1. Taking R0 as 45 Å, what FRET efficiency do you get between B:ARG201 and A:TRP210 from their Cβ-Cβ distance, rounded to the nearest 0.05?
2. Please give the net charge around A:VAL124, taking every other residue with its beta carbon less than 11 angstrom from that of A:VAL124, where Lys and Arg add +1 and Asp and Glu add -1.
3. What list of ³J(HN,Hα) couplings, whole Hz, do you get for the stretch A:148-159 from phi and the Karplus terms 6.51, -1.76, 1.60, once you set θ to phi - 60° and write x for glycine and proline?
4. Using unit Cβ charges (K, R positive; D, E negative) and no other charged atoms, how large, in debye to the nearest 20, is the dipole of the protein assembly as shown about its Cα centre?
5. To the nearest 0.05, how large is the calculated FRET efficiency for B:GLU168 and A:ALA141 if R₀ is 45 Å and r is the Cβ-Cβ distance?
6. Taking one equal scatterer on every alpha-carbon of the stretch A:139-264, how large is log10 of I(q)/I(0) by Debye at q = 0.09, 0.21, 0.22 1/Å?
7. Kindly provide the helix-only [θ] at 222 nm of chain B, computed as the sum of -39,500 (n - 2.57) over DSSP H runs of four or more divided by all residues, to the nearest 500 deg cm²/dmol?
8. Relative contact order of chain B, please, whole-number percent, based on alpha carbon pairs below 8 angstrom and at least 6 residues apart.
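What follows is calculated from the coordinates using simple rules that are stated; it is not laboratory data. Bear in mind the structure is a predicted one, so any value in this text is a computation, not a measurement. Every residue, glycine as well, gets a Cβ built from its backbone with ideal geometry; the counts of neighbours run over all protein chains shown.
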Amino acid sequence: MLELEFMRLAFAAGIVVGLLAPAVGFFLVQRRLSLIGDGIGHVAFAGVALGYLLDLPLVLTALIVSIVGALTIEALRTRRGAAGDQALALVFYTGIAGGVVLVSAAGALNVNLFQFLFGSILTVTRGDLVVIAALGAAALAVIALLYRALVAVVVDEEGARVAGLPVGWLNALTAGLAAVTIAVSMRVVGILLIAALMVLPVVAAGRVAWSMRSTMFLAMGIGLASVLAGITIAYYADLPPGGTTVLVAAAAVLLAEPAAVLRR
Amino acid sequence: MPLTVRLDHVSFAYGHGPPVLRDVSLEIDRGEFVAIAGPNGGGKTTLVRLVLGLEQPDAGRVELRAERLGYLAQRAQAGVDAPLTVRELVSAGRVPRTRLIGPLSRSDRDAVLDAIDRVGLLPLAERRLSALSGGQQQRAFIAKALAAEPELLVLDEPTTGVDVESQESLGALLERLHRELDVTILYVSHEFGAVERFVERIILVRGELVYDGPPKDLPELWHDPSHAHA
């Protein structure tokens, strides 16, 4: 399998995404914002469509539109009550609807689009890998450097605000990291499934972990194992790699459940 | 005594709703241990949120002369589902006193352990918060607030869901911390019995300020929290 270059590239991209997605998802899950990844994914779709329309690199346009969308969602999220919730729904659906209209206008409503919706890791090129690795490494470095501050906001947002931490800035950074993760990961598991890879490994890790730090590292391990196992199974069983990867991550949650029950 | 908090004819309502607080004026000096009491919905939490700058008054003026603030919010315990240990929780409270980037220094780690020790949880420092009792969780959150070495410590309903024995124990802990650390404490509760004998002053809030003075002078009727519903 590894004698094939496209498989080596797929595994390399998968390693980056397998580590990055749960690391960012860790902060979203702990803040009970698991579904925000889905929302940003919807907006990223509009970015891909814009790239088709303007004939620009799709990862670049998806990244820019995702960051704008993530910051908009974060700003709306801080609003109280149902109005904020409805505003979030507005962003989600505007993103996907705008994407459909833009991609149709670009005449790209075809099979290529499926690569971004459901992932197409086996078509990752060397150029794609350089972009994925650079963005992924930068995002992981930011998390490593600001881990304590990000955790302080996760643990007690209002207490952190009162104590003088730049909570708004840190929340915007988390949203930005989520946007980068989605732009980086869309070739691997697809826009529609990336949120699952951000959330499921964290949920599985939370069942067996003994601390915040161990949750994060276990989640990254489970994410990595899910991607590697998913690609391998997909290769030998002729299955779609994105969907297979997410199913492996879902199985990890089920396997971890007995540990949670025993702990109680 | 230098002034820590001043509210000058403060009124507040959420959105276009009815006023929650009307024309409240008070001053709190540095080093005071004050209970803010009153019925549910009486405006106690709103009052401290105004003090901490989390809400802005519709009328009047709020002045806060303290830079280091510790706040235990009413629902801070909601985070106990997260798989964090006592040490991780208290370390999070230390972050405002450190640079944001990189690991904690040795002196910061010592300060974290000191805060945990002050609330009597050092043997449980590596335990998951969710494995502790309600009273121990509250102590851990107080340690988190202490880790920033606050000048003003605000505790909003810290005894909610905690048994009577733990309430007594928490009251004694706060009295000792107040004495040892010379910190100004605002203790919000609708059941202030546990701290009544420790605080120097009770402020009773029921939409407006209805009593402000020493606990011993509090009219007997108001010792019963249900007075507000009469």
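1. Step by step, r from the Cβ atoms, then E = 0.55.
2. +1
3. Karplus values, whole Hz, x for Gly and Pro: 4, 5, 5, 5, 4, 6, 4, 5, 7, 4, 5, x.
4. 1120
5. Efficiency, rounded to the nearest 0.05: 0.40.
6. -0.31, -1.21, -1.25
7. It comes out at -8500 deg cm²/dmol, rounded to the nearest 500.
8. Value for chain B: 29 percent.
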